[in-house]
1. To one decimal place, what orientation-averaged projected area in nm² is obtained for the convex hull of the Cα set of the range 280-416?
2. What is the dipole size for the chain, taken about its Cα centre, with +1 at each Lys and Arg Cβ and -1 at each Asp and Glu Cβ, in debye to the nearest 20?
3. If each DSSP helix of 4+ residues adds -39,500 (n - 2.57) and the sum is divided by the residues in the chain, what number results at 222 nm, nearest 500 deg cm²/dmol?
4. Mind jotting down the distance between the C-alpha centroids of the range 295-334 and the range 243-271, whole Å?
5. So what's the convex hull volume per residue for the Cα atoms of the range 149-273, in Å³?
6. Please compute the Cα-Cα pair-distance distribution of the range 95-191 with 5 Å bins starting at 0, giving whole percents from short to long.
7. Can you work out the accessible area per residue across the chain, with the rest of the protein chains kept in place, probe 1.4 Å, in square angstrom?
8. Does anyone have the angle between helix 41-52 and the longest principal axis of the chain? Alpha-carbon axes, 0 to 90°, nearest 10?
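The values are calculated or read from the model by the stated rules, or taken from the named source; none is laboratory data. Just so it is clear, the model here is predicted, and its values are computed rather than measured. Methodologically, a virtual Cβ is constructed for each residue, glycine included, from the backbone with ideal geometry; neighbour enumeration extends over all protein chains shown. The accessibility values were calculated without ligands, DNA or RNA, using every heavy atom of the protein model including side chains. Shrake-Rupley method; radii C 1.70, N 1.55, O 1.52, S 1.80 Å.
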Amino acid sequence: GYARALAQASPRVQVETIGRTEEGRDIVLLAIADEPGIRDLDRLKAATAALADPRRTDPEKAEAIIASARPIYYFNCGLHADETGSGEMCMELAHRLAVSEQPIIRRIRERLVVLINPIAEPDGRDKMADWFYRYLKGKTDYDALPRMSPPYWNRYVYVDINRDAHQLAFGVTRAVQAMFFEYHPVVIHDLHEAIALLQTWNGTGPYNPHLDPIVTSRFLEMSLHEVTTLTAMGMPGVWTWDFGESFGLHFLDSVAMNHNSIGRGYETFGNATAETVSRRLRGGGTEQEDYLSREWYRPVPPPDSFRWSMRDDVNYQETAALSILDWTACHAREMLQDFYRTGYDSWHKGVSEPPYAFVVPGGQDDPLRVAGMINRLMDQKIEVGRLTADLSVKEGRFPRGSFIVKLDQPYRNYAVDLLEPQRFPAESENLPYDDVSWAFPVGFGVTAVRIDDPRVRKAPAEPLREAVAPRGRVEGDGEVFLLRDTGRILQM
């Protein structure tokens, strides 16, 4: 309601519905810029779309587009429903971006388009609000609080709603994915609450080997800027680096990382209640003693004990968000060049180095599983075709009608990541943050053959334009059906 009221009141704000939840609630998106930016929003979206495909936009044309384009920066709030501060912060941030005439705000409005999803998971947000008013309101003894959230948020999942970037099983992930391919933001920035006092993600490594080095170096630079800026303002407990590894790219911000943009995140300190309470990091059930040491990545540690409120949470998130928006505004041309270059490099790898393709042979045991994998690849905007003639390469002979993923395409790196097994470096001192696999052939039970023979690039193939929908048939007659059990779902 607030998002729609703000858009109605200001020519600098536009609101749209980008999806619906499992329980039918709207997922809304605010677009904020100066008046010319909102008026030219369709042109600006077309510009970033052109930069996303280097096959139709050569470097000279890209520079001409960049001269009049703007980076688009997206904030995602409230994915985990019990992490309530980001929704409060983003409503205030949206208002400030729309109305303030401070130089920093004007610079952001004039050079960027800021997208805000104020509550990504409104099903859970409504349950959390009801829970607070029923069980938590007025209670300020943190150690004696009753259970601080309902036993579930989403109809189907709890915290693992943030492990869905590849499969796109949930309404919120599909909404963010649709937003990405309409706007092509240079950053998807997901806001969370778990760590004192503000941790800005970039990971300790090992990094996913298919990430472009431009991305890994740029998000390190952005995180260090936030640490420097907030620390200089006298805000303790702002740090980076020592959290996760950035090998598994299955979180919501990975919608960007897997498609040549930058995925980022904050972890701030949340109370899971809107009341102001006293907190301790050493003991008190937080298990955050390790965050009290002074390190190169944490120049001013947080205090051991303090009073903490929703206002404090909002202040930390909003200060950091404004600092990185201003940084992006000051580096607008570089951010657009980076976005174009990562797509260009991914496409060019598919042209100049193996693998050159993956083939999914026809005649596999379960055509429904094959179709499921092919359709999921296409949902990720990975281009798939069908061979229109038999193919012979050094890896084997593949019949006409087999599926082929040629890798001379902008999302080549993501295609390789999905179609090859994951190999977490055994020598790494760090453990994986998640025990999650995203190898599609393993998960779907499908054979996909890596092709290093460059002759495959000339293989005749017809691009798929719509989802694959195999149909079975019954052979013979009689009173008894015999069906081979391959694990498929039988629909009769």
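1. On the way: hull surface 60.8 nm².
Here the figure is 15.2 nm², rounded to one decimal.
2. For this selection, approximately 1120 debye.
3. Working: 15 runs with 172 residues, N = 492.
Result for the chain, helices only: -10500 deg cm²/dmol.
4. Comparing the Cα centres of the range 243-271 and the range 295-334, I get a distance of 17 Å.
5. Numbers: hull volume 14.7 nm³, N = 125.
Dividing the Cα hull volume of the range 149-273 by its residue count gives 117 Å³.
6. Using 5 Å bins, I get a P(r) of 2, 10, 16, 15, 14, 13, 13, 11, 6, 1 for the range 95-191.
7. Working: 22080 Å² over 492 residues.
Computed with neighbouring chains in place, this is 45 Å² per residue.
8. Taking Cα atoms only, the helix is inclined about 50 degrees.
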